[in-house]
Each structure stands twice: as C-alpha cells, then as structure tokens.
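Below you'll find the structure, written out as structure tokens, and then a few comments.
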Amino acid sequence: MAATEQDILEGLGKIINEITGIPATEVTPEKSFVDDLDIDSLSMVEIAVAAQDEFGVEIPDDQLKNLKTVKDVLTFIQN
Amino acid sequence: MSANRVRVVVTGLGATTPVGGDVNSSWSALLAGQSGVRTLTEDWIDTVPVTFAGTAAVDPAEVLPRPESRRLDRSEQFAMVAAREAWQDAGAPEVAPERLGVVVSSGIGGINTTLSAYDTYKERGWNRLSPFTVPMLMPNGPAAWIGLDLGAQAGVHATVSACASGAEAIGYAMDMIRAGRADVVVAGGTEAAIHGLNVAAFAAARAMSTRNDDPQGASRPWDRDRDGFVLGEGAGILVLESEEYAKARGARIYAYASGVGYSADSFHITKPEPEGRGISMAMTHALTDAELTGRDIKHVNAHATSTPAGDVIEVQAVAKAIGAHPLVTSTKSMTGHLLGGAGGIESVFTVKSLQERIVPATINLDTIDDGIEVDLVHGANRTLPDGDIAAVNNSFGFGGHNVTVVFKGA
C-alpha cells in the first residue's frame, strides 16, 4: 500500500527535526526550505539521504535542486 | 621576569573524562581515587586481546542537541562539550573576534567517522555518505567547530604530535598570546579512539595492558606489575588569556601558564630513549621559559602511561631536570590514557592541584618499581605547601615528541 501524503509529511517532519532541530509541526507543505525553514544546501543533502532510506526513493542531485518546498518533496516521493 | 614580556593566565577550565562529565565531577572522582576504566561490550570485543577501556562517564551525544551531535565526530563532541564548559567558566569573555584564537588537537582525528564512513561507502555507495563526513574525520575538525562556535578569527589551529598533541596545543596557544596574535585562546586536546581497529593496532605495538580480569587495576603507573597503557577518551580545554586582558576585564585567574618546553627524541618511532635525554631537555626548556628553577616546582602531573618502557625513564628525567622533591602523580591510573586528549585533561588537573593545593594519589601503585627516587603520591592524596608553587605537566608522543607545560599558582 502506498504511503499517504500525511504519512510522508510526518516522516519528513521527523527527518527534518532530527537533522535541523526544526519542530516537525513547522514542516508543512507550503514551506520553502531556504526561505521559510532556513535549511542550507548541505542539510538538504542530509535530508535527501535520510528520505531515500525512509521512503526508498532515490533523489538525484539534479532533481534535488528543483525541490524548493515541502510540497515539492511530497509530490516527488508520491510519484 | 622580563619587564616587557606578556604573561599568560588560565581563566577557564572544561573537561569531559572517563571519571566525570565536567571538571568538578572529574576532579572529585580523582580525589576519591575512582577509576573510570570499564569492561567493554562492543561487538568487536571478541576480536581483540584487550576487553576494557576508560569510556567517557557521560556520553557527549546525550549532552549536545541532536542536530549538532549528528554532524560531529565523537572527538569533536567531546571537544565542544569541554570548550563550552571552559568558556562559561571563564565568564564568556566579550573579546573581539580578531583577538580570539583556538588551538585544540587530537592525536588521531575522527577515526570512528573514517571507519564507519568507509563501511557505508563500500556497502551502500558514495551517495549515502553524510555531506559532513570530511569535517567529521579531519583532525582539525574539533578546533574548527569550536572556532565557529565562538567566532574566533585570530587563528584556529590543531597541532598534531600523537599523545603530546594536547600539551603542544596549550604551548602553541601560549605562544600566540605572547606573540601578540591574540588576547584569548581556547586550547586543549580531545580524543575518541575506543574502536576495535585502534585497540588492535596498539595491541599489535604491544603497548596495551591485557589485564582483562581486572580492568580497574590495569592502569598502574610505576607499579612493578604494570603491563601497558589503558585507552581512555574525552577532552580537556583551558581558556588562556594575556594577564593584562584578564585583569582588565576582572576575570578570575586560576594560575599562570608560565612556560612550555619542547624536544624530540630522534631515537625511535615508538620506544622512549632510555636515558630520557629528550624529556629532560623538554623540562629544562620549560623551566627556562617560565623563568623558574627546579626548586620552584612542587608537583608533576606525569605522562606515566603504565607502560613498562616509559614510566621509570620519565621520573628519572624528572629527578635530573627538576629534582627528586616534587610530588609526582599519574592521573592516568584513573582516567586511562586519552592520547591527544591527555595533555588537555592533565593540564586541567595540574591547574586544579595548584588552585586547591592538593595532589590526587596514583591508584594501583602497590609495589614501586626499581630505580625511582622521586616522591610518588600514592595511598593517599597529598597537600602542596603554602606560598608560591608551580607545577609541571608532561606529555610525550609516539614519534619521540616531548612537551612540558609549566603552570604557576595565581
């Protein structure tokens, strides 16, 4: 059974909290990683590595740079 | 004392060691004669001939915020914990960034990261590595992270000389202040090397105690039955300042860091030179640098790692270079040997001895070996005399590196 968007959002919130200390509740779909959550590019790499382990989805570097918002990541993982 | 010479003072202390998670708990444990050596339970333990070590009393990953600890190698975690304690202890001086330096060393660097990252790379591929792998394994990482944390811009350095690294860092920091490069320098040593490969490698050098049935009795400097060193982990950090700067801001002064002496044996890559000429020379240079004589030195926190080869040579050199009168101890009998961290924690302990005028007894010293004429403190702690007192911390490293730091009571 495919994970629901809510499951992925919760999983992503846990990963982002673990890596950056940002409360998981602040990780909501409309947030921009750079502008709203203040996450830098190396942290994004850490998040991508952890997300690959958690959701079994490879996120290539050239795709990663297009993932600007939490919603972008949710969509990428679901597809 | 030369009229125009910059004098260096110690204003802050920090430590996380096998006997305590901070300076006070570590120091109390030493005065109580408690060993921090424990039997290990790691999965590699059946593959090595040594099954114990001085593991940190407090896990630094539990002290630091999780996002920070996951980006730091364990050696960096120890350094950060001890540096923050030292900085707060010094009253968090509001020094200009360009006048603040950091010199923090380790003997081996982020070897836990190196080895676990290699496993990840082999088993799962390059793109599963943390982007922080390089700053976790580089030996200047602890200094660099502390420099970032405090905003130090006068220079951030990591001197590397195996088990003399921590003491060399303190010496280099003193030199930075005396040369006018900085007003305040955070200095010391850190190590996190309790890993199967390190234990195997030191055991292959026949340097480690294999007293597996009595871990707490294994580190026994100068005892006739000693059979090698016990690996420890942790960090010790001092805040050093020019006396002028410290007094202007009204800082509490623990002690003067009055002199440092260096030498190299140039004899053998691991064996100490049997006459102790190199280590005598380091002590003599340090006394000259401190403008003190052997009579002024009342205490020696010795390198004394519990190896058959090194312990006696050192105290014979102490007798020659300083005299037989100082109260000599080895706190490694309780902490084990922190390698690059040793000079850091033992400088902290030397300063505490001067401040409280007490020398913790060496434990496990049941039968003093032959050829020793210095006054070894064992059985019970001893007090240092009233009046002016100074003390020495010795650190020696594989490669023949010898460093002596002299502290003088405030």
So in segment B:334-385, with the set limited to residues that are acidic (D, E) and not in a loop (DSSP other than H, G, I, E, B), which one is nearest to B:F78 (Cα to Cα)? B:E346
Report those helices (runs of 4 or more DSSP H) wholly inside segment B:9-121 carrying at least 3 residues which are out of contact with any Ser or Thr (no Cβ under 6 Å at 6 or more places or on another chain) and within 14 Å of chain A (Cβ to nearest Cβ). B:66-69
Result of the Cβ filter at 8 Å on segment B:347-366, keeping first residues that are in the same structural domain as B:S330 (by TED's automatic domain parsing) and among the basic types (K, R) and partners that are crowded, with 24+ Cβ neighbours inside 10 Å and modelled with pLDDT of 95 or more, at least 6 apart or interchain, is B:K352/B:L13; B:K352/B:V23; B:K352/B:W27
Just name the residue that is surrounded by the most Cβ atoms within 10 Å (Cβ to Cβ) out of those in segment A:58-71 that are farther than 17 Å from A:K14 by Cα and more than 13 Å from chain B (Cβ to nearest Cβ). A:L67
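Let's see how each residue does on (1) surrounded by fewer than 21 Cβ atoms within 10 Å (Cβ to Cβ); (2) basic (K, R):
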| residue | (1), (2) |
| --- | --- |
| B:V102 | no, no |
| B:T114 | yes, no |
| B:K122 | yes, yes |
| B:L129 | yes, no |
| B:M138 | yes, no |
| B:P142 | no, no |
| B:A152 | no, no |
Does B:D149 fit the bill of being farther than 22 Å from B:P67 by Cα, among the acidic types (D, E) and part of a helix (DSSP H, G or I)? no
Mind checking which residues of segment B:230-250 are in contact (Cβ under 8 Å) with a residue 40 or more places away in the chain and surrounded by fewer than 24 Cβ atoms within 10 Å (Cβ to Cβ)? B:S242, B:E243, B:E244, B:Y245, B:R249
I'm checking my understanding of the structure. Among residues of segment A:1-29 that are β-branched (V, I, T) and in a loop (DSSP other than H, G, I, E, B), which one is nearest to the other protein chains (Cβ to nearest Cβ)? A:I22
The listed residue being surrounded by 24 or more Cβ atoms within 10 Å (Cβ to Cβ), within 16 Å of B:A53 (Cβ to Cβ), touching a residue at least 60 places away in the same chain (Cβ under 8 Å) and over 8 Å from the mean Cα position of the chain (by Cα), out of B:G336, B:G340: B:G336
Being surrounded by fewer than 22 Cβ atoms within 10 Å (Cβ to Cβ) and under 23 Å from B:V351 (Cα atoms) is the filter here, so list the residues in segment B:36-57 that pass it. B:A57
So which of B:S306, B:S266, B:S280 is closer than 14 Å to B:F396 by Cβ, assigned to a loop (DSSP other than H, G, I, E, B) and in contact with a strand residue (DSSP E or B) (Cβ under 9 Å, 6 or more places away or on another chain)? B:S306
Expected single match for in a strand (DSSP E or B), in contact with a helix residue (DSSP H, G or I) (Cβ under 7 Å, 6 or more places away or on another chain) and not aliphatic (A, V, I, L, M) among B:G166, B:G236 is B:G236
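Test B:R181 against the stated conditions and say whether it is touching a residue at least 60 places away in the same chain (Cβ under 8 Å) and either touching a Lys or Arg at 6+ places or on another chain (Cβ under 7 Å) or outside any loop (DSSP other than H, G, I, E, B) (or both).
no
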Regarding segment A:43-51, can at least one residue be identified that is more than 10 Å from every other protein chain (Cβ to nearest Cβ), within 28 Å of B:T120 (Cβ to Cβ), surrounded by fewer than 17 Cβ atoms within 10 Å (Cβ to Cβ) and not polar (S, T, N, Q)? no
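The values are calculated or read from the model by the stated rules, or taken from the named source; none is laboratory data. Note that the coordinates shown come from a computational prediction; the quantities given were computed from them, not determined experimentally. Reconstructed Cβ throughout: ideal geometry from the backbone, glycine too, with neighbour counts over all protein chains shown.
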